[in-house]
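The values are calculated or read from the model by the stated rules, or taken from the named source; none is laboratory data. Every value quoted in this text rests on a predicted model; they were computed, and no experiment measured them. With ideal geometry, Cβ positions are generated from the backbone for all residues, glycine too; neighbour counts draw on all protein chains shown. When the accessible area is computed, the model is the full protein with side chains, heavy atoms only, and any ligands, DNA or RNA have been set aside. Shrake-Rupley method; radii C 1.70, N 1.55, O 1.52, S 1.80 Å.
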Amino acid sequence: MRDPKPRRSQAAPTLAAKLMKHSTWLLLLLWFALSLCLFLAATPPAAAPLQRSALFLRSKPHARALAATTAAPVRIYVYDLPARFNRDWVAADARCARHLFAAEVALHEALLAYPGRAAGPDDADLFFVPVYVSCNFSTPNGFPSLSHARALLADAVALVRAQMPYWNRSAGADHLFVASHDFGACFHPMEDVAIADGIPEFLKNSILLQTFGVHGHHVCQEVDHVVIPPHVPPEVAHELLEPEKARRDIFAFFRGKMELHPKNISGRFYSKKVRTELLQHYGRNRKFYLKRKRFDDYRSEMARSLFCLCPLGWAPWSPRLVESVLLGCIPVIIADNIRLPFPSILRWQDISLQVAEKDIANLETVLDHVVATNLTVIQKNLWDPVKRKALVFNRPMEVGDATWQVLRELEVLLDQSQRRRHVGSWRR
């Protein structure tokens, strides 16, 4: 047989030929790399000042079960300020720790005793600045004076700024103060003066824990804040352990200041005339137990009442809100636009009544209608121990009490702040 025809030897492929062969894969690889670079360049930075500590973030799944654990929802570092800012005031007058503005003392003591607080500032989410501004009982009538409040707070801030770096790091945005008096962060008991003075400039970035709150715009709440309940001594919660068994022979109760002539000696209309109108409409109505004189054992009268009237005074809020809940008496809130503490847990619409200031003349009709329809439902909601506990500042703090609720509210506020900063960084 003849040898088969020899084949031509094939030349080795050139570099250009190889590139042409793999050009599709190279283009895909380049497109992917470019897309990845663009994505990473657009990713926003982490939120800066109000950032959770790494310790808290690692334990966040556990923190979601707050109601059943002892883990703090937010870690707070408490500054150890000189005694002239806090402890000296309590030592000078025992009323400082027990009167209606004493939430500033109660919160401080509860946080100091709480084992879950931040042991050091580097582990903290927030910083508590304990300044007692409501303990100056130097006025002729014995009510607390706020004349020194701004200067005392400014002195404390100057000290914190000079001695530690944390205020300057966030311009005070992660620092907490308590403003447990009439118009909160404006630090004045008269609304017109409070509005004119406004919030001190050095506090406008901080977080205020304040008893004052209204729906809508108000100068004295133009700052991050949490509405807290007024202070009532914790033992009041134990005066009537079974409110459902109490004999309630008073239909509607109020004891307190009711001006015969609504214009106060200061020239202002006290309570926006509401208390004067209550006295005029129901002062002689036997269903209404209205008293103008002080009586030390007035809470025994509340414990006998179906309805406890809670009209505004100089400010919308009053300690009667807390006292009536603790004593099982349905609060009748007469203060337009008031914002109430801890609405998610207390559900005020289920445990109280709100009557518009202009409807004082119809109050008896409103209360009669409730008695005829859903009185027992409201009372059952009101007598829930969980709701009563949420209004009490215990020392030491207990799961579910007022200080605990404050921590929960701060957690929400902190998360909202982080989301706002996150969105803002995307928009820049």
- Item | Leading residue by the ranking (surrounded by the fewest Cβ atoms within 10 Å (Cβ to Cβ)) among those in region 113-135 that are out of contact with any Pro (no Cβ under 8 Å at 6 or more places or on another chain) and of a type in the set (A, V, I, L, M, F, W, C) | Ala119
- Message: All but one of (1) farther than 18 Å from Leu410 by Cα; (2) touching a helix residue (DSSP H, G or I) at 6+ places or on another chain (Cβ under 9 Å); (3) free of Cβ contacts under 8 Å to residues at least 40 places away in the same chain; (4) β-branched (Val, Ile, Thr) hold for Val214; state the number of the condition that does not hold.
- Response: (3)
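Name the single residue that is modelled with the lowest pLDDT among those in region 220-278 being of a type in the set (Ser, Thr, Tyr) and either within 27 Å of the chain's Cα centre (by Cα) or within 30 Å of Leu407 (Cβ to Cβ) (or both). Lay out the reasoning, then the answer.
As a first pass, look at region 220-278 and keep what is of a type in the set (Ser, Thr, Tyr): 266, 270-271, 276.
With the extra rule that they be either within 27 Å of the chain's Cα centre (by Cα) or within 30 Å of Leu407 (Cβ to Cβ) (or both), the set shrinks to 270-271.
Numbers: Tyr270: 88, Ser271: 92.
The extreme case among them is Tyr270.
Name the residue, out of Asp368, Asp359, that is open to solvent by less than 80 Å² (accessible area, probe 1.4 Å), modelled with pLDDT of 95 or more and over 30 Å from the mean Cα position of the chain (by Cα).
Values: Asp359 fails: over 30 Å from the mean Cα position of the chain (by Cα).
So the residue among Asp368, Asp359 that is open to solvent by less than 80 Å² (accessible area, probe 1.4 Å), modelled with pLDDT of 95 or more and over 30 Å from the mean Cα position of the chain (by Cα) is Asp368.
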- Please verify whether region 407-421 includes one or more residues that are open to solvent by 30 Å² or more (accessible area, probe 1.4 Å), out of contact with any helix residue (DSSP H, G or I) (no Cβ under 9 Å at 6 or more places or on another chain), among the hydroxyl-bearing types (Ser, Thr, Tyr) and not in a loop (DSSP other than H, G, I, E, B). no
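Condition check: touching a residue at least 24 places away in the same chain (Cβ under 8 Å), under 23 Å from Cys310 (Cβ atoms) and buried (at least 16 other Cβ atoms within 10 Å of the Cβ). Does His188 satisfy that? Can you show your working first?
On the way: touching a residue at least 24 places away in the same chain (Cβ under 8 Å): yes; under 23 Å from Cys310 (Cβ atoms): yes; buried (at least 16 other Cβ atoms within 10 Å of the Cβ): yes.
Here the answer is yes, as His188 does meet what is asked.
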- Query: Quick one: what pairs do we get from region 121-143, first residue over 24 Å from Pro189 (Cβ atoms), second among the small types (Gly, Ala, Ser), C-beta under 8 Å, 6+ apart or different chains?
  - Reply: Asp122/Ser53; Asp123/Ser53; Ala124/Ser53; Ala124/Ala118; Asp125/Ser53; Asp125/Ala118
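Considering only residues that are part of a loop (DSSP other than H, G, I, E, B) and among the aliphatic types (A, V, I, L, M), which ones fall in region 210-241?
Step one: of region 210-241, the residues part of a loop (DSSP other than H, G, I, E, B) are 211-213, 215-218, 222-223, 228-233, 239-241.
Within region 210-241, Val223, Ile228, Val232, Leu240, Leu241 meet the criteria.
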- Query: Which condition number in (1) in a loop (DSSP other than H, G, I, E, B); (2) under 20 Å from the mean Cα position of the chain (by Cα) is the one that Ser344 fails?
  - Reply: (1)
- Task: Please enumerate the residues belonging to region 132-190 that are acidic (Asp, Glu) and in contact with a Gly (Cβ under 9 Å, 6 or more places away or on another chain).
- Result: Asp182
- Task: Only residues that are surrounded by fewer than 18 Cβ atoms within 10 Å (Cβ to Cβ) and aliphatic (A, V, I, L, M): list them for region 215-235, please.
- Result: Val219
- Taking region 136-162 and the residues there that are modelled with pLDDT under 95 and either of a type in the set (Phe, Trp, Tyr) or not in a loop (DSSP other than H, G, I, E, B) (or both), the one that is surrounded by the most Cβ atoms within 10 Å (Cβ to Cβ) would be Asn136
